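The values are calculated or read from the model by the stated rules, or taken from the named source; none is laboratory data. This one's a predicted model, so the numbers in the text were calculated from it and none came from an experiment. Virtual Cβ from ideal backbone geometry, glycine too; neighbours counted across all protein chains shown. Calculation scope for accessible area: heavy atoms of the full protein, side chains included, ligands and nucleic acids excluded. Shrake-Rupley method; radii C 1.70, N 1.55, O 1.52, S 1.80 Å.
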Amino acid sequence: MSEPGSLIRTLSGRPAARNYHSYVINEVGRAIVSGAMPVGSGLPGDAEMMDRFGVSRTVLREALKTLEAKGLVEARAKVGTRVLPQSRWNLFDRQILAWKLESGPSPAFLASFQTIRESLEVQAARLAAQHREAEHVRLLNYWLNQRAVMAHQPEPFAMAEFEIHRVVAEASGNPFLRAASAIMEFGVAVSVLARLGDDLTAPPEGLAEPHAAAYEALIRAIERGDPDTAAARMATLTR
């Protein structure tokens, strides 16, 4: 669950694991990020986890290696596998951000996130206005239209909004900004989720209107090659 769009799909409910390996990663990772498995705590032994998840030792160990690569756990000889603090987690990992979204990120986490998101996306918009090509402008206009059309369907709406941000990063020409799409997707997901009802449905007026003018102005600024205005409009959208 690391491809673009996979984080937004959590808006419509918990995504099903595709195989046993994914199942173990999701269940253990979600427990760690939510705090159900506290920092410093040890994971159960192999036999207990194999029985709990109904998987082989090979599947379990591959799943734990994946979680270790994400910075969530650390395996040490004679100590076992322990949960690491958040400072060790790869917070640019789309799957970790999805687990954060599910468990309800704290205000402090969101404040820290906003600082990073704004700095990345404002710069992406500035560069996009300087380096955009005709195909980028076409895609931006397409997704702007989709954002309006899908205003009452939270998941397609969020995907359209995310695609605008992703195309802006692509148009920037900066490979590091292109690689930060998980940050952009998390930001869109948080924003959309905050506007949904308790049953995860869109409000009667839809989701598009609050930022419609700002998105329109952003895309027009990129289209005409106006980096200062593009940056300013993106700043309003990422606060």
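At-a-glance table
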read-out	value
Pick from segment 138-162, criterion charged (D, E, K, R) and open to solvent by less than 40 Å² (accessible area, probe 1.4 Å), ranking: farthest from LEU207 (Cα to Cα)	GLU161
Residue among PHE113, PHE109 that is open to solvent by less than 50 Å² (accessible area, probe 1.4 Å) and in contact (Cβ under 8 Å) with a residue 60 or more places away in the chain	PHE113
Of residues in segment 58-76 being in contact with a helix residue (DSSP H, G or I) (Cβ under 9 Å, 6 or more places away or on another chain) and in a helix (DSSP H, G or I), the one most open to solvent (accessible area, probe 1.4 Å)	ARG61
Qualifying positions in segment 28-50 - exposed (fewer than 15 other Cβ atoms within 10 Å of the Cβ) and more than 22 Å from LYS78 (Cα to Cα)	SER34, GLY35, ALA36
Positions within segment 163-190 being in contact (Cβ under 8 Å) with a residue 12 or more places away in the chain, open to solvent by 20 Å² or more (accessible area, probe 1.4 Å), in a helix (DSSP H, G or I) and within 18 Å of ILE219 (Cα to Cα), in sequence order	GLU163, ARG166, GLU170
From ARG195, ARG233, residue being basic (Lys, Arg) and crowded, with 16+ Cβ neighbours inside 10 Å	ARG233
